[in-house]
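Peer 1: Please read through the structure below; I'll follow up with questions.
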Amino acid sequence: MGEIEMSEICVIGLGYIGLPTAILLSDGGFNVIGVDTSSYVIESLIRGRSNISEPGLSERLLLAIHERRFIASYDIPIADTYIVAVPTPFNQDKSADLSAVFSVIEGIGRVMKPDSLVIIESTCPIGTTEICRDKIFNILRERNLAQDSECINLAYCPERVLPGNIMEEIVTNDRIIGGITPNASEKAEQIYSRVIKGSLMLTNSRTAEMAKLIENSFRDTNIAFANEISLIAEEVNVNPWEVIELANRHPRVNILQPGPGVGGHCIAVDPWFLVEATPGISRIVKMAREVNDSIPKTVLDRFEKLRYDCLENGIYPLDVLIMGLTFKANVADMRESPALQITESIVRKYGDADHIHILEPNIDSLPVSIEDRARLTTDPLSNKNYDIVLILVDHTAFNIDLVQEIVFRSRHIIDKRGLIRRLGVKN
Ligand code: SAJ
């Protein structure tokens, strides 16, 4: 293998994880080739533009391109090191869809050098890295470049960054390095030690795969507990935000925040990989997924009750304001977003562009699924009154002045983020 520090690194999959990783490595002095199958992604990057909105990314991307430390390409080149960061969504039956990972691994196997290092960062079910080792070994053997699978340099090094703060956490977070062999772990450690300030923890691939899944399952379970507590509180006429705040004052209690459900491509997906592997055992993990997936329906039920109340009072048509569509605050990402899911249901049933107003500061246009029967508003105060307001995302842009004005003009409010209490808005 060549001088690692100046050798070629190829990052495959230039999404929320791959692109920041590629830029981090090129800033660390590596020549990086970024590969993706999407013409939108590659053509944007060739023009110096990123399709990912993350603080601090676009400036560093431009510099890396200008200094030719980062090149975007459609083709997997011969490289010393490969980093796989392609999506691992789930299939209809909640099983992991590893098609992107396996096709990339086969693509790498066909061009790699026998001593190239391959690192998988995509979140995968336990045992996936071993399957990838066998795929690489079979291809290298066909190419007469390997006799023993023990010589394969492959490691599983899951990312842990939080969307909205990726460029910082990618450096400061501790990183698990799960080599298929101890030698592979050391080689991966050499790469990451050049760019990561967090601790590098070496283990084997299965342990690393499981660690990633339980990290997100822990958070999902904690959120499910918070959501269940919120439903119980509403049932017994207690303010869910106040009671959780008070309980969290206990030195050993840290309940997360209830919401309209759990979205994004991580927490709403990864726990199913554990359930798939151990269906009889992972009861809490599965239940937490089911509880969080059931929350949007509880929001719609409340909406229906309030809508019925309005109709009873002769109010028709209803003016509805929906605050937030993204899967969480201060991001533009709507993947698996509960807020979008709830909005799509309301628009499907009562869609009317004159009466369904959407306030989402992080997007310029509405998703196709709702664009013709709802209206994206940038000035919610232009509308005199609202019959029902749904606060589904707690964007920072939803400040006290705006929320107070909206509350003054609203008959009914469903606040799924506790924003009214948090901001101290008079209700
Ligand atoms: N959520 C709540 N209540 C909370 C916290 C979150 O309802 O108190 C909801 C959010 O609104 C969102 C979902 O959960 O819909 C997930 O948001 P998040 O901020 O908890 O996490 P992600 O999906 O943005 O990022 C997670 C992180 N995992 C953990 O914190 C254990 C991140 O570190 C991972 O790298 C990322 O998943 C990933 O890629 O796996």
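Peer 1: Any idea which of E186, E169 is away from the ligand (no atom under 16 Å from the Cβ), in the same structural domain as N51 (by TED's automatic domain parsing) and not in a loop (DSSP other than H, G, I, E, B)?
Peer 2: Matching residue, one of E186, E169: E186.
Peer 1: Using the structure shown, decide if P271 is over 28 Å from P125 (Cβ atoms) and touching a residue at least 40 places away in the same chain (Cβ under 8 Å). Steps first, answer last, please.
Peer 2: Details: over 28 Å from P125 (Cβ atoms): no; touching a residue at least 40 places away in the same chain (Cβ under 8 Å): yes.
For P271, the condition - over 28 Å from P125 (Cβ atoms) and touching a residue at least 40 places away in the same chain (Cβ under 8 Å) - is not met.
Peer 1: Would you mention how many residues in the range 312-338 are surrounded by 24 or more Cβ atoms within 10 Å (Cβ to Cβ) and either in a strand (DSSP E or B) or away from the ligand (no atom under 13 Å from the Cβ) (or both)?
Peer 2: Residues flagged as surrounded by 24 or more Cβ atoms within 10 Å (Cβ to Cβ) and either in a strand (DSSP E or B) or away from the ligand (no atom under 13 Å from the Cβ) (or both) within the range 312-338 amount to 3.
Peer 1: Suppose we filter K349, K297 for residues that are open to solvent by 20 Å² or more (accessible area, probe 1.4 Å), assigned to a helix (DSSP H, G or I) and within 16 Å of the ligand (Cβ to nearest atom); which single one remains?
Peer 2: Matching residue, one of K349, K297: K297.
Peer 1: Moving to a separate point now. Say whether the condition of being of a type in the set (S, T, N, Q), over 30 Å from E130 (Cβ atoms), open to solvent by 30 Å² or more (accessible area, probe 1.4 Å) and in contact (Cβ under 8 Å) with a residue 24 or more places away in the chain is met by at least one residue in the range 57-75.
Peer 2: No: the range 57-75 contains no residue that is of a type in the set (S, T, N, Q), over 30 Å from E130 (Cβ atoms), open to solvent by 30 Å² or more (accessible area, probe 1.4 Å) and in contact (Cβ under 8 Å) with a residue 24 or more places away in the chain.
Peer 1: Now for a different question. Just one of (1) open to solvent by 10 Å² or more (accessible area, probe 1.4 Å); (2) part of a loop (DSSP other than H, G, I, E, B); (3) within 16 Å of the ligand (Cβ to nearest atom) trips up L145, so point out which.
Peer 2: (3)
Peer 1: A further question on this structure: Taking R411 and the conditions (1) surrounded by 15 or more Cβ atoms within 10 Å (Cβ to Cβ); (2) of a type in the set (D, E, K, R); (3) free of Cβ contacts under 8 Å to residues at least 40 places away in the same chain, which numbered condition does it fall short on, given that it satisfies the others?
Peer 2: The number of the failed condition is (3).
Peer 1: Residues that are open to solvent by 30 Å² or more (accessible area, probe 1.4 Å), within 16 Å of the ligand (Cβ to nearest atom) and among the β-branched types (V, I, T): does the range 394-402 have at least one?
Peer 2: yes
Peer 1: What number of residues within the range 370-393 satisfy the criterion of being more than 16 Å from the ligand (Cβ to nearest atom), in a loop (DSSP other than H, G, I, E, B) and surrounded by 14 or more Cβ atoms within 10 Å (Cβ to Cβ)?
Peer 2: Residues flagged as more than 16 Å from the ligand (Cβ to nearest atom), in a loop (DSSP other than H, G, I, E, B) and surrounded by 14 or more Cβ atoms within 10 Å (Cβ to Cβ) within the range 370-393 amount to 6.
Peer 1: Can you find, within the range 9-63, the residue that is nearest to M112 (Cα to Cα) among those that are aliphatic (A, V, I, L, M) and part of a strand (DSSP E or B)?
Peer 2: I9
The values are calculated or read from the model by the stated rules, or taken from the named source; none is laboratory data. As the structure is a computational prediction, the values presented were derived from the model and not from experiment. Using ideal geometry, Cβ is built from the backbone for each residue, glycine included, and neighbour counts are taken over all protein chains shown. Only protein heavy atoms, including side chains, enter the accessible area calculation; ligands, DNA and RNA are left aside. Shrake-Rupley method; radii C 1.70, N 1.55, O 1.52, S 1.80 Å.
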